[in-house]
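Read the structure below first, then the notes.
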Amino acid sequence: MKVSFTLNSETRWLECQPNQTLLHALREQLGVKSPKCGCERGDCGTCTILLDGKSIKSCLVLACEVEGCEITTLEGLMQSGLTPLQKAFLDQNAFQCGFCAPGMVIAATELLEHNSSPNRGEIEEALAGNLCRCTGYAPIIDAVLDLVDNGGK
Amino acid sequence: MSNYKYIGKSAVRVDGKAKITGAAQFVDDLDFGPDLLYAAVVESPHAYAIIQKINTKKAKELPGVVKVVTGKEFPYRFGLYMHDRYIFAQDRVRFVGEQVAAVIANDPATALKAARLVEVKYKKLKPLLNVGDALQQQGVDRVHPDLANYFHVPWFYPKKDSNIAHFRKIRRGDVGEGFGDADLVYEDNYVVPRYAHCAIENHAAVGKLDHDGRLTLWTASQSPHTQRHLFAEALAPLGFTHQNVRVITPFVGGGFGGKAGVTMEIVAAALATTVPGRPVKLLWSREQEFYNTYQRQGVEASIKVGVKNDGTITTLEQTLLWDAGAYVEYGANVVNAAGLSATGPYRIPNVKIDSVCVYTNLPPGGPYRGFGYSEFIFGLESHFNQIAKQLGMDQVEFRRKNAIRAGDQLAYGAPMHANGLLEAIDRVKQEIAWDTPKEIPSDSSKVRGRGFSLFWKAPAMPPNASSTAFLKFNEDASINIMVSGMEIGQGYLTVMAQIAAEVLGVPPEKIRVESPDTDRNPYEWQTVASHITWSCGNAVKRAAEDARDQIVDLIENVLEMPRDDIYLENCQVRSKIEPDFALDFTEFIINGLMLPDGSWRGGPIVGRGMFMPEFTSALSDPETGQGGKPNVHYTVGASAIEIEIDRDTGKITIPKVVLAIDCGQALNPDLVKGQITGGMLQGLATVLYEDMRFDDQGRLLNPNFTDYKIPTSLDTPDQIVPIIVEVPQGDGPFGARGMGEHTMIPAAPLIANALYDALGVRVKSMPITAEKIVAELIN
Ligand code: FES
Ligand code: FES
């Protein structure tokens, strides 16, 4: 079946099988590789993207469900360079292997869009669906907090 | 204080931008074009069975299937330290999930579907699912009836007609006398189960055999050169040698030992040889990640310690029985390493250690961050806590009194080197405010406890494990460094750049460190053992020094400046006596310098560096373990924790944990702290909730993140305080030694000891879940 939608501000369409996940369609058919596949069952969050502004796990959404939707992946956040959040992550060496980073950046971006000054607990809550095995989360959380303390700059 | 410009500074990671923008490519992100084939494996449903017949007819007939491959086509064994693992199971399957056959198809769904159509007839055997049963079984149905014929390294001692793949003995002093001298002899047993690495990226491999006979593998690996070697070795009967096997390793999404050596990648290598000209991709699912890579081995420890009333340890007798799983080609060396070092960082004159590697019909054991040390430290540090208690001695004082010092004899006889263990103990003790009373929680159902633990670890590696580096300048004075260590998150690329930067006066931002392609980058043993900063760091430093010497030679010869006056800074040659002299690297670094007669000297500057420790030896007396020098050095440290337990629910929260580690010289303190924060949480998870469950047929019941819980952002301690101790490693780059694995080693006894402090309950088996705590309290 054919579906069309907006992907990172561009109109795109694809031909998909009814059982195909959005994650698979993005990666294999559209060549958008920032969402990663770590579990394919909603546990790890590496496939996190924004669907109509909400962060979702793209391994749990079927490609045929996104007709007319607006999809943003990490690639789409950088249309005018690194975001302040990305800069904060970079400056603080927030990631190690980086496999979780695309999903984590998306989840944190969504949080900051709804809450410009989250506290530690709110950040922990917002990132709880994104697993990171390397960092112990502290540097990721600290980078978000620092950004908040610096007024989002 | 040193006056380094780049060393010891928290430089921003050179790979940071690639990672936060998604530019970093992992194996599954690489594009192989529409020609790409997909493979799926047929897995054994039984823990132990004889394969009677395989029928591939139905699978072959499915449209879209290109090839069905079974063990018949690849009757080869492979392995790192012992050749006991098969590319595909041959006559027997030895664990649930083992690959029996594989299907190659045009798309992943067809491959999976066809794999289910392969019919395998098995005759079930009685699986050996624990060490006790495995040690009993000496008949023909032991796990490897052919063990006696397997190649293995000279420092392994398999036992004939048994399931014992390796028996490491350490005998030092006189244990009988030691116990005789003791005022107190204390014995107990401790159990540590299996664990999973849970790197967030699953294993992935793509193989392609070109029509000209070159086999290339793209793998998610910590060990590109070792993989090439093992592929070439295993596929030698098909005519492959190192010349026509190539391994390319892009970014890796976490390793923790799980991507060391070779596991599923050899299947991709074998499959690629059956479809020349076309790339074939094999991706492990999260489930397979759990049961068909490596698992951390379980261990049963029996510990008997003799002490004097003043707290002096006279004797240690320890037996470690390891549930090593179906294949031990890597795991047997974990057993070996633990055996050599199971005294912990303590001075003990009389020692008897048996570390025994036992085959079972559970998934293969193997390397996992900590490499056996986390496992024995749980028992040992729990045990010492109880002994201090019985002696009525402060447990930190007890540890400090017996802590190993420079010059003390190690269990295998060689002397211990200079180290900062005492400083680590003192600083941790102060930071956790050991001598001040704990806070009393306002909620009366809660209670606080403190725990303390020392830790240590040496790299476990062959005595001749080496690292090499090439370094080349570009026209703009930027540098490419070619090495074959792997960036698995630890910050290796950044630290290598900092090392070269320091030697050559070129800022790290101008240095690219290139991920390996075994045909382009020089040799590296593996990125394991926390040895890469030390070993490859030395190679990079030597490559940079080689390049620096060439620059200095050129300047001396052409400009006639005394070489001792020359130094390099900010991509310029400077002079100590002529402050105005500054020659940009860009003026000569590729094209050299012109002489008055118009001819040129110099040319492109290219450095090479190699490091192999020449002072180690794995040869020792098999009966005592004495005589060799198997370990290059130990990294030591101390750690303490404060926990709060809810008596009603058993739930533990962690207000504070402190870890001090002597890393010789922190090349990048921020990255050292990153290892401490990440490693500590990984360690805490093993003791608090990670829990593998097998059924009575050897099937793993929870191979996913829903049922095998790893920490989320909600599970972090309130505060982790990293403390860096720096007693330089004489043979390390700028004095550095490794510290990546160590940070998770003390976590389990910390919790056990803090629990004891809070409630007087000693839990002797991991994990120490809330459920277990409540059960103990009810009893
Ligand atoms: S791949 Fe989607 S949550 Fe893990
Ligand atoms: S940085 Fe490796 S999983 Fe998060």
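Being in a loop (DSSP other than H, G, I, E, B) and either more than 7 Å from every other protein chain (Cβ to nearest Cβ) or surrounded by fewer than 22 Cβ atoms within 10 Å (Cβ to Cβ) (or both) is the filter here, so list the residues in the range B:16-28 that pass it. Before the answer, list the steps.
Here is the first cut: in the range B:16-28, the residues in a loop (DSSP other than H, G, I, E, B) are B:22-25.
The answer is B:A23, B:Q25.
Which residues, taken from the range A:33-57, are within 9 Å of another protein chain (Cβ to nearest Cβ) and among the hydrophobic types (A, V, I, L, M, F, W, C)?
A:C37, A:C39, A:C44
Determine which member of the set B:N402, B:N361 is more than 23 Å from the chain's Cα centre (by Cα), polar (S, T, N, Q) and farther than 18 Å from B:G325 by Cα.
Details: B:N361 fails: farther than 18 Å from B:G325 by Cα.
The match here is B:N402.
Does at least one position in the range B:176-196 carry a residue that is within 16 Å of ligand 2 (Cβ to nearest atom) and within 25 Å of B:E375 (Cα to Cα)?
The initial filter retains those residues of the range B:176-196 that are within 16 Å of ligand 2 (Cβ to nearest atom), namely B:196.
Right, trim to within 25 Å of B:E375 (Cα to Cα) and you get B:196.
Yes, that holds for at least one residue.
Give the residues of the range B:670-709 that are under 23 Å from B:G97 (Cβ atoms), within 8 Å of chain A (Cβ to nearest Cβ) and of a type in the set (A, V, I, L, M, F, W, C), sorted by residue number.
The one that is under 23 Å from B:G97 (Cβ atoms), within 8 Å of chain A (Cβ to nearest Cβ) and of a type in the set (A, V, I, L, M, F, W, C): B:F705.
Name the residue, out of A:G38, A:G103, A:G42, A:G98, that is away from ligand 2 (no atom under 16 Å from the Cβ) and open to solvent by less than 60 Å² (accessible area, probe 1.4 Å).
Values: A:G38 fails: away from ligand 2 (no atom under 16 Å from the Cβ); A:G103 fails: away from ligand 2 (no atom under 16 Å from the Cβ); A:G98 fails: away from ligand 2 (no atom under 16 Å from the Cβ).
The conditions single out A:G42.
Check off (1) outside any strand (DSSP E or B); (2) away from ligand 1 (no atom under 16 Å from the Cβ) for B:Q288 and give me the number that stays unchecked.
(2)
Kindly list the number of the only condition in (1) more than 9 Å from chain B (Cβ to nearest Cβ); (2) open to solvent by less than 10 Å² (accessible area, probe 1.4 Å); (3) more than 16 Å from ligand 2 (Cβ to nearest atom); (4) not basic (K, R) that fails for A:E113.
(2)
Given the criteria within 14 Å of chain B (Cβ to nearest Cβ), closer than 19 Å to A:N130 by Cα, open to solvent by 40 Å² or more (accessible area, probe 1.4 Å) and of a type in the set (A, V, I, L, M, F, W, C), does A:L60 qualify?
Numbers: within 14 Å of chain B (Cβ to nearest Cβ): yes; closer than 19 Å to A:N130 by Cα: yes; open to solvent by 40 Å² or more (accessible area, probe 1.4 Å): yes; of a type in the set (A, V, I, L, M, F, W, C): yes.
So A:L60 passes the test.
Mind checking whether some residue in the range B:710-726 is under 21 Å from the mean Cα position of the chain (by Cα), farther than 24 Å from B:P345 by Cβ and more than 11 Å from chain A (Cβ to nearest Cβ)?
The answer is no; no qualifying residue exists.
Look at the range A:104-149 and say how many of its residues are away from ligand 1 (no atom under 16 Å from the Cβ) and touching a residue at least 40 places away in the same chain (Cβ under 8 Å).
11
Return the residues of the range B:487-543 that are in a loop (DSSP other than H, G, I, E, B) and aromatic (F, W, Y); say none if nothing qualifies. Outline the logic, then answer.
Initial filter on the range B:487-543 (in a loop (DSSP other than H, G, I, E, B)): B:487-491, B:505-507, B:515-516, B:518-523, B:525-531.
The answer is B:Y523, B:W525.
Provide a single number: the residues in the range B:445-492 that are of a type in the set (S, T, N, Q) and open to solvent by less than 10 Å² (accessible area, probe 1.4 Å).
Going residue by residue through the range B:445-492, those that are of a type in the set (S, T, N, Q) are B:445, B:453, B:464, B:466-468, B:474, B:478, B:480, B:484, B:490.
Pick out the ones that are also open to solvent by less than 10 Å² (accessible area, probe 1.4 Å) and you get B:453, B:467, B:484.
Matching residues across the range B:445-492 total 3.
For the range A:83-94, which positions are open to solvent by 10 Å² or more (accessible area, probe 1.4 Å), within 7 Å of another protein chain (Cβ to nearest Cβ) and among the hydrophobic types (A, V, I, L, M, F, W, C)?
Selection gives A:L90 alone.
Can you go through B:A403, B:A433, B:A414 and tell me which one is of a type in the set (G, A, S) and either closer than 16 Å to B:H633 by Cβ or not assigned by TED's automatic domain parsing to the domain that holds B:F376 (or both)? Before the answer, list the steps.
Values: B:A403 fails: either closer than 16 Å to B:H633 by Cβ or not assigned by TED's automatic domain parsing to the domain that holds B:F376 (or both); B:A433 fails: either closer than 16 Å to B:H633 by Cβ or not assigned by TED's automatic domain parsing to the domain that holds B:F376 (or both).
The conditions single out B:A414.
Please name all residue pairs, on different chains or six or more residues apart, with Cβ atoms under 7 Å, provided the first residue is in the range B:718-739 and is under 19 Å from A:G136 (Cβ atoms) and charged (D, E, K, R) and the second residue is at pLDDT below 95 and buried (at least 22 other Cβ atoms within 10 Å of the Cβ).
none
For the range B:649-669, check the following and say yes or no: at least one residue is out of contact with any strand residue (DSSP E or B) (no Cβ under 9 Å at 6 or more places or on another chain) and either part of a strand (DSSP E or B) or within 14 Å of chain A (Cβ to nearest Cβ) (or both).
Yes - at least one qualifying residue is present in the range B:649-669.
Restricting to the range B:147-161, give me the number of residues that are touching a strand residue (DSSP E or B) at 6+ places or on another chain (Cβ under 9 Å) and in a loop (DSSP other than H, G, I, E, B).
Within the range B:147-161, residues that are touching a strand residue (DSSP E or B) at 6+ places or on another chain (Cβ under 9 Å) and in a loop (DSSP other than H, G, I, E, B) number 8.
Residues that are of a type in the set (D, E, K, R) and open to solvent by 10 Å² or more (accessible area, probe 1.4 Å): list the helices (runs of 4 or more DSSP H) wholly contained in the range B:302-408 that include at least 3 such residues.
Here the list reads B:395-402.
I'm told A:M78 meets every condition in (1) out of contact with any helix residue (DSSP H, G or I) (no Cβ under 7 Å at 6 or more places or on another chain); (2) facing chain B (nearest Cβ under 8 Å) except one. Can you identify the failing condition by its number?
Every condition holds for A:M78 apart from (1).
So which of A:G68, A:G76, A:G98 ends up being more than 22 Å from B:G253 (Cα to Cα) and touching a Phe, Trp or Tyr at 6+ places or on another chain (Cβ under 8 Å)? Spell out how you get there, then give the answer.
Details: A:G76 fails: touching a Phe, Trp or Tyr at 6+ places or on another chain (Cβ under 8 Å); A:G98 fails: more than 22 Å from B:G253 (Cα to Cα).
A:G68 is the lone residue from the list that is more than 22 Å from B:G253 (Cα to Cα) and touching a Phe, Trp or Tyr at 6+ places or on another chain (Cβ under 8 Å).
For residues that are hydrophobic (A, V, I, L, M, F, W, C) and assigned to a helix (DSSP H, G or I), scanning just the range A:128-153, find the one that is farthest from the other protein chains (Cβ to nearest Cβ). Steps first, please.
Our first condition is that a residue be hydrophobic (A, V, I, L, M, F, W, C); within the range A:128-153, this holds for A:128, A:131-132, A:134, A:138, A:140-141, A:143-145, A:147-148.
Those left that are additionally assigned to a helix (DSSP H, G or I): A:138, A:140-141, A:143-145, A:147-148.
On the way: A:A138: 5, A:I140: 7, A:I141: 6, A:A143: 10, A:V144: 10, A:L145: 12, A:L147: 13, A:V148: 16 Å.
My answer is A:V148.
The values are calculated or read from the model by the stated rules, or taken from the named source; none is laboratory data. Predicted model only: the values in this text are computed from it and were never measured. For neighbour counting, all protein chains shown are included, and Cβ atoms are generated from backbone atoms with ideal geometry for every residue, glycine included. Side chains included, ligands, DNA and RNA excluded: accessible areas come from the protein's heavy atoms. Shrake-Rupley method; radii C 1.70, N 1.55, O 1.52, S 1.80 Å.
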